[in-house]
Amino acid sequence: MIGKPIYARDGTLLHDGKYGIFPFVKKQMTKKKSKNKEAGTLETKAVQNVNKDDIREMLMEHIIPAIHQQWPESVPKNVKIQWDNARPHQIPKDEECIATCHANGLNIEMVYQPAQSPDLNVLNLGLFKAIQSLQYQSFPTTLDDLIKEVINAYNAFEAKANKYIWLTLQSVMIKVLEKQGGNNFSPPHMKKKKIDKLGVLPKHLHVPRQLIHQAVNYLDTMFIPTTNAVDDQQMEVDAD
């Protein structure tokens, strides 16, 4: 779970954007004795099929509490949680969840990542690669060891690298506009480290006004019905 790093106006880092990493696992006692474990030993097991109830539990017990605990008091409290379109990712709409999302003055809203747009998932743009590269340097033999190494890799993920991938996300959004919603492009390389060392790394990327107009015009041609379609619909209404 990561967010965009939060800085004060003077450049002071208020939050590095790392809110935690939470594995889908459960603890259960072994029923039989083996050469490595005694009967009754607590053993970590991965949740093989994550369902909507598991997702709700993760949100209520880990994700949302982490935001409440770590969100800086001095910044606006409107928060969006973006997730992909996996089947179990169903937004809980019960009263308890709604109340939790609005507790402590926060306004937490959950939104879906656009379909068939993997490059709009900020986790894919940097965090997962960083974790894998660090975790692959170890050789865990148990699930507990694997979890430990992944957590260590997550903790080693620097705020500066996190800042870079959010800029990459903006550049990807611009590419999506250029491709009229398509994903047939590679994430652009901006040489962010070099620019950052020069002290001229932007906080936000400029989107050409002409590109916005082109995107709006394209959407208009897609969703405004043609004259024939309107006539056909009118004929159906008249026939009824």
For this session: Tell me the strands (runs of 3 or more DSSP E) entirely within the stretch 1-117 that contain at least 1 residues that are under 20 Å from the mean Cα position of the chain (by Cα) and loosely packed, with under 11 Cβ neighbours inside 10 Å.
Result: 78-83, 107-112
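Within the stretch 52-98, how many residues turn out to be among the aliphatic types (A, V, I, L, M) and closer than 30 Å to ARG9 by Cα?
We begin by selecting, within the stretch 52-98, every residue among the aliphatic types (A, V, I, L, M); these are 55, 58-60, 63-64, 66-67, 75, 79, 81, 86, 91, 98.
Still in the running and closer than 30 Å to ARG9 by Cα: 63-64, 66-67, 75, 79, 81.
So the count comes out to 7.
Run down LEU125, LEU146 and say which single residue is part of a helix (DSSP H, G or I), over 20 Å from the mean Cα position of the chain (by Cα) and outside the structural domain of ASN85 (by TED's automatic domain parsing).
Numbers: LEU125 fails: over 20 Å from the mean Cα position of the chain (by Cα).
Checking each option against the conditions leaves just LEU146.
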Problem set entry | Enumeration of residues in the stretch 19-57 that are in contact with a Pro (Cβ under 9 Å, 6 or more places away or on another chain) and either under 21 Å from ASN124 (Cβ atoms) or of a type in the set (A, V, I, L, M) (or both) | ALA46, VAL47, VAL50, ILE55
For this session: Filter the stretch 156-185 down to the residues that are among the polar types (S, T, N, Q) and touching a residue at least 60 places away in the same chain (Cβ under 8 Å), then identify the one that is farthest from THR41 (Cα to Cα).
Result: ASN183
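The values are calculated or read from the model by the stated rules, or taken from the named source; none is laboratory data. Source: prediction; values computed, not measured. Every residue, glycine among them, receives a Cβ derived from its backbone with ideal geometry; neighbour counts consider all protein chains shown.
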